[in-house]
1. What number of residues in the range B:197-212 are touching a residue at least 40 places away in the same chain (Cβ under 8 Å) and closer than 22 Å to B:GLN107 by Cβ?
2. Residue check, B:SER116 against (1) in contact (Cβ under 8 Å) with a residue 40 or more places away in the chain; (2) within 19 Å of the chain's Cα centre (by Cα); (3) closer than 26 Å to B:GLY366 by Cβ, all met but one. Which one?
3. Among the numbered criteria (1) in the same structural domain as B:TRP325 (by TED's automatic domain parsing); (2) farther than 30 Å from B:ASP348 by Cβ, which one does B:SER258 miss?
4. Quick one: B:TYR52 ticks every box in (1) over 14 Å from B:LEU20 (Cα atoms); (2) modelled with pLDDT of 95 or more bar one, so which box is it?
5. When you scan the range A:78-87, how many residues do you find that are open to solvent by 10 Å² or more (accessible area, probe 1.4 Å) and not in a loop (DSSP other than H, G, I, E, B)?
6. Any residue in the range A:326-337 that is part of a loop (DSSP other than H, G, I, E, B) sitting within a Cβ distance under 9 Å of a residue that is of a type in the set (Val, Ile, Thr) and open to solvent by less than 60 Å² (accessible area, probe 1.4 Å)? List the pairs, counting only those 6 or more apart or interchain.
7. Would you say A:SER280 is of a type in the set (Gly, Ala, Ser) and at the interface with chain B (Cβ under 10 Å from one of its Cβ atoms)?
8. Can you tell me which residue is least open to solvent (accessible area, probe 1.4 Å) among those in the range A:257-294 that are free of Cβ contacts under 8 Å to residues at least 24 places away in the same chain and either farther than 14 Å from A:ARG196 by Cα or touching a Gly at 6+ places or on another chain (Cβ under 8 Å) (or both)?
Amino acid sequence: MRFAFSDDQLAFADAVRELLTNECPPEVVRAAWDSPDGRNRRLWTQLAEMGVVGMLAPESIGGLGLSDIDLVRILAEAGFAGLAEPLADVAAVVVPALRDHGAAGLSDELLARVVAGEATVGLGLRSDGSTLHAESADALLLEAEDGLHLVATTDVELSPLNTVDGARRLSRVVWSPSEETLLAGGPSAAVEARDRAAVAAAAELCGLADRMLAIAVEYVTERKQFGVPIGSFQAVKHHLANATLALEFAKPLVWRAAYSRTMGDPDASLHASMAKAQASDAAEVVGVAALQCHGAIGYTVECDLHVFLKRAWALQRRAGDAAAHRRRVAAAVLHAN
Amino acid sequence: MDLTWSEREEAFRAECRTWLEANVPHGLPSGDTREGFTLHLEWERTLHAAGYAAVSWPKAYGGRDASLWEWLIFEEEYYRAGGPQRVTQNGIFLLAPTIFEFGTDAQRDYYLPRMSAAEDLWCQGWSEPNAGSDLAGITSRAVRDEAAGGWRLSGQKTWTTRGAFCTHLFGLFRSDGDAERHRGLTYFLVPLDAEGVTVRGFGRLDGDEGFAEVFLDDVFVPDGDADPARGGVLGGVDQGWGVAMATTTSERGLTLRSPGRFRATASRLVELYRARGGDDPLLADEVVRAWIGAEAYDLYTLGDVTQITSGGSPGARSSLNKLFWSELDIALHRAALNILGPDAEIDDDPFMKGYQFALSGPIYAGTNEIQRNIVAERVLGLPRK
């Protein structure tokens, strides 16, 4: 029994944090709001070169051949940085789907290009109803009633949507599934894709919550009222203690969900739902506390907090919100047998 | 990361499960009543005879040299089997870790075997009428008696759990009245049959005589480990605050609240929902929230034990632990009461009893307000003033 990341896993996460601290500070995230397609290809190439995009791809095609346990800490780092690139969708869902269902001729070559950072594939889950960065994607992995489909972006119709987080370029995708587009039929591949997306979002939410908490701690330590730092007041302390509590008891569920996926645990779906439910709620608790502890400055677009807050609002509801995942847990736990 | 148990640990689990299923008594009355306490002592002595009273202790003191992981397994099996409350817990889980750390050989050899055998029954003497959350404000005093080679204790302790049924008290007394608040305190071990001790039990919220006030009037306790049968000093004179903080870390953290206990309550809650929940989606959501909380607590503990067995210490994170389990315990029991509806008030329901006990969680072992201050100041680094 050992419930901790290995030194190698932590070192990789540190290296990713260092890259993102340098290359993806808040001003870069803000710049994505104003860029034509919301993408930052320089950063995406750096992530691909580091092996992050293809962590789960086999080494034979340029990937790192690592596991979901290795990846989950990296996704938390992406959340911490507010990375607007489609890392979670591509690295955690698309890459393993192409890896495991490579029979379709299109997908082998595509996987190699994705791992190299030369192509991206957007993800469209039915529960989400929209796809992130579809316009800049070469292909789309789309869920339909009969399974997962891989469709060239040129074969679909995209309607861009306005989003509260300006860095998230979402589109509705109008398309028609066919036998030619089917990548993996049957329910299991789609369920796995949904679970993977849920755990990836949960990991990002943990990172986002860590960041919002860090920003709030810094602010209440510096900001003075009544002649003292506001962080010395119990009312403020208790807000941030509650935020810490929610977050620290969500993380273990998220790490465990990645472990169960890696080990092929029969409860991997259940564990994914517990992780997403708890991480979504934790991010809400942390976000509300961080905003309140900032007072009026937090309620501006000048303060960096809003960048992370808006990302959290999006991800809390992506790949199933907390209530949907608790319904799934209820179905497994309360109604089994 | 490896969330599997070794063969040896699985064998230990199987051994515990077999023994517990054959031996755990069911339907014992509350151990926080005089009659119930006596029955619980029989159970404690049965546990001891089989070597299960304190599994993680050395064999010489009545344990079985189990690892921290095996202790978790034992606890999980104990509560899974429906094992009752441990009326010896304040000794075994709070005082003993302190004796292991600060006691002399003579103290360890004298007290620990008697404690695991449930011969000496320990209660704690921290709080006083005017010192609760502000523990350093205690005024009970220890006056030096040079001629007799010891100390004379006077003052009043209160909220002493099962004090009316116990044989011994451990607690803090002010040995240097001139020192600053946290200094000048000494940790004493006191037999309750010593001359000058008066104990008065009184009813808790649930009606059981689970609380006691302990009055000390010029009670003689010998120096250090000179005569352990008559009590003594644990750790150095005037060093009591540091010694006591070691104990409260145990109380807030792992040693008092093993995850098996909440997992077992969560399982019983699920059974109750299946039997009586009527497929109400709001009740289902409440049950699922609490059930996920029990899972989270279990996993968090596995992370803590990984850290401890790698040589680390949870430190101030033990306050997060205490906040979580105390609020989880209430959530689990409240969900059950909501399923029971009007039947919840029927007094013999174990969930109602459990709910009343759970309500004490955010109050004892350092109120949750104090714990939140600790998290803010020592985990997040916010300014104290």
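The values are calculated or read from the model by the stated rules, or taken from the named source; none is laboratory data. Quick caveat, the model's predicted, so the values are computed rather than measured. A quick note on method: Cβ atoms are made from the backbone with ideal geometry, for glycine too, and the neighbour counts reach across all protein chains shown. With ligands, DNA and RNA removed, areas are computed over all heavy atoms of the protein, side chains included. Shrake-Rupley method; radii C 1.70, N 1.55, O 1.52, S 1.80 Å.
1. 0
2. (3) is the only condition that B:SER116 fails.
3. (2)
4. Answer for B:TYR52: the failing condition is (1).
5. 1
6. Partner pairs satisfying both residue conditions: A:LEU334/B:VAL270; A:LEU334/B:VAL287; A:LEU334/B:VAL288.
7. On the way: of a type in the set (Gly, Ala, Ser): yes; at the interface with chain B (Cβ under 10 Å from one of its Cβ atoms): no.
Considered against the rule, which asks whether it is of a type in the set (Gly, Ala, Ser) and at the interface with chain B (Cβ under 10 Å from one of its Cβ atoms), A:SER280 comes out as no.
8. The extreme case among them is A:LEU291.
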